[in-house]
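*Asks:* So that we are looking at the same thing, I have put the structure below in structure tokens.
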Amino acid sequence: MHANRKSDHIRINLEEDVDFKHLSTGLEKYQFVHQAVPEISLHTVDTAVSLFGKTLKAPLLISSMTGGTDRAGKINLVLAEAAEITGIAMGLGSQRAAIENPDLARTFQVRRTAPTALLLANLGAVQLNYGYTVDHCRRAVDMIEADALILHFNAIQEAVQPEGDVNFSNLLRKVEQVCRKLPVPVIAKEVGWGIAEDTARRLIEAGVSAIDVAGAGGTSWSQVEMHRAATEIQRRVAATFVDWGIPTAESIQAVRRADAEIPIIASGGLRSGLDIAKCIALGATIGGMAGPFLKAAVQSLEAVLDEIEITTRELKISMFGVGAASLSDLQHTDRLVRRA
């Protein structure tokens, strides 16, 4: 079942319209005040950032997408090679399939292709209520020699799935155990519905080292599940939640209010380097993108490299256009304003 679901997810994301219908990322409500006299050279704009002890050449994460099938394994190798070449980070898809069937581990194992890249392991947090322990988390990390572990929270997706794991009771206490005992940092991540300020505060108290907001406005996983639905009842229920969630722009600011220092990964509907620049100006540390990289990866390595180059160049020009020579300058700029 799990492999079918993974195959469905890749196919639906490539073939169907699975974006939010009305809710947007909120990034379009912000614009930079152009600086005609930037007083810096575009050539010296520095996009490097340090995260979990590794330096990224650009504040960019290939967000967690897939694994567990042969096609997914090929996609992951292409993405990993691109991440290594360009010096950016990469998250793997949920590794539960490979924990339960070790033969599938190879579809996630990309470290040999990306020896120096920042690699993020990934498990569903809810699995901690379905028999998973700190040991399973350690196995996920060891499987791909990861630098950190993502625990993803996907309550709405599980709720609209016919086979969903929906017992989210008392999870924070278990997350806290993982944060305390795991030898690598833990990242709490939504999957497209955003994280509120009070939620961020509780996650930080539990010990997470970073938060990926994965806000609303990009891929709507209720839409993905709607396309997978086996019955009309399931389809209608999933369709109702197409515009549920906290827009990415709002979620970044909410998490930043909860904590001034914690690294924030901005994801959820980011489609350009300008989007990433806005996210960083709103308080994010790096930006993550999934959809554009998935579409590129099924074409070729070159297509992924082009996507990264375009995104990085757009980010650099955005920084140049407001006179920000570094990401720290961009984080503290006063030149991002909300449209009237």
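*Asks:* Can you find a residue in the range 180-196 that is more than 20 Å from Met90 (Cβ to Cβ), part of a helix (DSSP H, G or I) and free of Cβ contacts under 8 Å to residues at least 60 places away in the same chain?
*Replies:* Yes, there is a match, as at least one residue in the range 180-196 is more than 20 Å from Met90 (Cβ to Cβ), part of a helix (DSSP H, G or I) and free of Cβ contacts under 8 Å to residues at least 60 places away in the same chain.
*Asks:* Still on this structure: Being of a type in the set (Gly, Ala, Ser), surrounded by fewer than 21 Cβ atoms within 10 Å (Cβ to Cβ) and more than 13 Å from Pro59 (Cα to Cα) is the filter here, so list the residues in the range 306-328 that pass it.
*Replies:* Step one: of the range 306-328, the residues of a type in the set (Gly, Ala, Ser) are 318, 321, 323-326, 328.
From the residues that got through so far, the ones that are surrounded by fewer than 21 Cβ atoms within 10 Å (Cβ to Cβ) too are 321, 323, 325-326, 328.
Once the filter is applied, which keeps residues that are of a type in the set (Gly, Ala, Ser), surrounded by fewer than 21 Cβ atoms within 10 Å (Cβ to Cβ) and more than 13 Å from Pro59 (Cα to Cα), the range 306-328 yields Gly321, Gly323, Ala325.
*Asks:* Still on this model: Which residue out of Ala48, Ala36 is out of contact with any Phe, Trp or Tyr (no Cβ under 9 Å at 6 or more places or on another chain) and touching a residue at least 40 places away in the same chain (Cβ under 8 Å)?
*Replies:* Details: Ala36 fails: touching a residue at least 40 places away in the same chain (Cβ under 8 Å).
Of the residues listed, the single one that is out of contact with any Phe, Trp or Tyr (no Cβ under 9 Å at 6 or more places or on another chain) and touching a residue at least 40 places away in the same chain (Cβ under 8 Å) is Ala48.
*Asks:* Return the residue satisfying two criteria in turn: it lies in the range 263-274 and is surrounded by fewer than 19 Cβ atoms within 10 Å (Cβ to Cβ) and touching a helix residue (DSSP H, G or I) at 6+ places or on another chain (Cβ under 6 Å), and of such residues it is farthest from Ile62 (Cα to Cα).
*Replies:* So, considering only residues that are surrounded by fewer than 19 Cβ atoms within 10 Å (Cβ to Cβ) and touching a helix residue (DSSP H, G or I) at 6+ places or on another chain (Cβ under 6 Å), the one farthest from Ile62 (Cα to Cα) is Leu274.
*Asks:* Return the residue satisfying two criteria in turn: it lies in the range 275-305 and is free of Cβ contacts under 8 Å to residues at least 40 places away in the same chain and closer than 19 Å to Ile10 by Cβ, and of such residues it is surrounded by the fewest Cβ atoms within 10 Å (Cβ to Cβ).
*Replies:* Gln299
Values quoted throughout were computed directly from the atomic coordinates according to the rules given, and no laboratory measurement underlies them. Quick caveat, the model's predicted, so the values are computed rather than measured. Don't worry about glycine lacking a Cβ; one is built from the backbone with ideal geometry, like all the others, and counts go over all protein chains shown.
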